[in-house]
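Each remark here refers to the structure printed beneath this line.
The values are calculated or read from the model by the stated rules, or taken from the named source; none is laboratory data. Quantities reported herein were computed from a predicted structural model and do not represent experimental measurements. No Cβ is skipped: glycine too gets one built from the backbone with ideal geometry, and neighbour counts run over all protein chains shown. With ligands, DNA and RNA removed, areas are computed over all heavy atoms of the protein, side chains included. Shrake-Rupley method; radii C 1.70, N 1.55, O 1.52, S 1.80 Å.
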Amino acid sequence: MARCYYLDYISKGFLSSYSNDEYVCKLCGKHFATNDPQVKYTCNPDYGEEYKKCPVYQNNR
């Protein structure tokens with residue numbers, strides 16, 4: 001698993017469930033739900049380094 005270095009995980013609190021938490025891209029500032037397809041397949045995939053194909057990542061390295 002290769003997670004984008006600029007993807008931060010934000011927990012909504014101590015008693016928060018995973019579905020209420022979110023991710024945020026430090027490059028563009030966009031917030032994503034934990035089940036967002038972009039996070040699952042690009043920013044935080046199960047295998048590979050797909051985040052390197054992200055246009056935001058490519059333009060800001």
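Taking segment 2-29 only, how many residues are without any contact (Cβ under 8 Å) to a residue 24 or more places away in the chain and basic (Lys, Arg)? Total meeting the criteria: 2. With the structure loaded, tell me whether residue 25 is among the hydrophobic types (A, V, I, L, M, F, W, C) and either open to solvent by 90 Å² or more (accessible area, probe 1.4 Å) or at pLDDT below 95 (or both) or whether it fails that test. It is false that residue 25 is among the hydrophobic types (A, V, I, L, M, F, W, C) and either open to solvent by 90 Å² or more (accessible area, probe 1.4 Å) or at pLDDT below 95 (or both). Consider segment 4-20 and keep the residues that are open to solvent by less than 40 Å² (accessible area, probe 1.4 Å) and at pLDDT 90 or above. The one that is farthest from the chain's Cα centre (by Cα) is 4.
Quick check: is even one residue across segment 10-19 on the phi < 0 side of the Ramachandran plot, in contact with an Asp or Glu (Cβ under 6 Å, 6 or more places away or on another chain) and among the hydrophobic types (A, V, I, L, M, F, W, C)? The answer is yes, given that some residue of segment 10-19 is on the phi < 0 side of the Ramachandran plot, in contact with an Asp or Glu (Cβ under 6 Å, 6 or more places away or on another chain) and among the hydrophobic types (A, V, I, L, M, F, W, C).
Any idea which of 51, 47, 41 is open to solvent by 90 Å² or more (accessible area, probe 1.4 Å), of a type in the set (Phe, Trp, Tyr) and in a helix (DSSP H, G or I)? Explain how you work it out, then say what you get.
Numbers: 51 fails: open to solvent by 90 Å² or more (accessible area, probe 1.4 Å); 47 fails: in a helix (DSSP H, G or I).
Matching residue, one of 51, 47, 41: 41.
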